[in-house]
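Notes follow once the structure below has been shown.
The values are calculated or read from the model by the stated rules, or taken from the named source; none is laboratory data. Because the structure is a prediction, the values reported are computed rather than measured. Cβ coordinates were reconstructed from backbone atoms using ideal geometry, including for glycine residues, and neighbour counts include every protein chain displayed. Heavy atoms of the whole protein, side chains included, go into the accessibility calculation; ligands, DNA and RNA do not. Shrake-Rupley method; radii C 1.70, N 1.55, O 1.52, S 1.80 Å.
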Amino acid sequence: MSETVIRMVAESYGAERVFESIRESAFYTLRFVKYRTWRSSDESEVGLLAHRDTGFITILHQHEVEGLQIKTKDGQWIDAKPSPSSFIVLAGYTLMAWSNDRVQACEHQVSTTENEKIRYSIGLFTYTKGEIHVPEEMVDEKHPLGYKPIDSFGFHAFLLSKEGHKSAFPIKAYCGINN
Ligand SMILES: O=C(O)CCC(=O)C(=O)O
Ligand SMILES: [Fe+2]
């Protein structure tokens, strides 16, 4: 499924010729998360603070208990309702850079609203190894090249640094051009 989505993104920008190289550099982690219930009714929130994922794409499935919220382009938080048959695909920072900002890394958070039910989610995180380059299909007059080659391991090390921590858009601080 991850490969299918990445192929669709590449094709939609006329860059299907580079799909194979992304496929070859991809690796995955699978994370199963259990969110506890509230300890008391006045505990304000249990969840995960607003963030953007750092890899290429994330495929999420939440089981029965809602909580995932996605920030829209105009800054509104919307609920992603759980469905037994659906997955949510989120773009991460590496895809944002690879697509030369055509695809924005999606800000999201988890905020549980039901205090009695344990929430489970499962996420397949797709990362890339080695350097990947912005394909020339993503670059034109309106979209000048915005990133140097993207070394995902280097980027993850940068995220742990002081500079990485304080940066609002760490991928731009790490390998952006003209920032
Ligand atoms: O539990 C979820 O639905 C989201 C988890 C998440 O955003 C993450 O692990 O990066
Ligand atoms: Fe996330």
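Remind me, relative contact order of the stretch 1-82 in percent, using alpha carbon pairs under 8 angstrom and six or more residues apart? Averaging sequence separation for qualifying contacts and normalising by length gives 17 percent for the stretch 1-82.
For the chain, the equivalent ellipsoid derived from the alpha-carbon gyration tensor has semi-axes of 31, 18, 15 Å in decreasing order.
Whenever you get a sec, compute what percent of the accessible area on the stretch 2-175 sits on carbon and sulfur atoms (1.4 Å probe). List each step's numbers first, then the result.
Details: 5250 of 9840 Å².
It is 53 percent, rounded to a whole number.
Remark: C-alpha extents of the stretch 117-179 on the principal axes read 51, 29, 24 Å, sorted largest to smallest.
These residues, Cys106, Cys175, go from largest to smallest accessible area, 1.4 Å probe, as Cys106, Cys175. Quick one: compute the contact order of the chain, relative version, from alpha carbon pairs under 8 angstrom and 6+ residues apart, as a percent. After rounding, I find 26 percent.
Count Lys and Arg as plus one, Asp and Glu as minus one, and take only other residues whose Cβ is under 11 Å from that of Cys106; the net charge is then +1.
A 1.4 Å probe run over the chain, with the rest of the protein chains in place, finds 58 Å² accessible per residue.
Each stretch of four or more DSSP H residues adds -39500 (n - 2.57); spread over every residue of the chain, this sum gives -6000 deg cm²/dmol at 222 nm. Annotation: extensible slack from Ile122 through Ser25 equals 32.7 nm (criterion: 0.36 nm per residue apart, minus Cα-Cα distance).
Helix 2-12 and the long axis of the chain differ in direction by around 50°, with both axes built from C-alpha atoms. Assuming charge only on the beta carbon of Lys and Arg (+1) and of Asp and Glu (-1), the dipole of the stretch 96-179 about its Cα centre is about 300 debye to the nearest 20. Taking each residue as 0.36 nm, the span from Tyr13 to His133 lengthens on full extension beyond its C-alpha to C-alpha distance by 41.7 nm. Report Glu20's accessible area, 1.4 Å probe, all protein chains in place, as a number in Å² to the nearest 10. Glu20 exposes around 80 Å² with every protein chain in place. Spin-label model, Arg36 to Ile177: label points 7 Å out along the Cα-to-beta-carbon direction sit 4.9 nm apart. When Trp98, Trp77 are compared by accessible surface with a 1.4 Å probe, the order from highest to lowest is Trp77, Trp98. Modelled this way, with points 7 Å down the Cα-to-C-beta line, the labels at Lys162 and Ser85 are 5.4 nm from one another.
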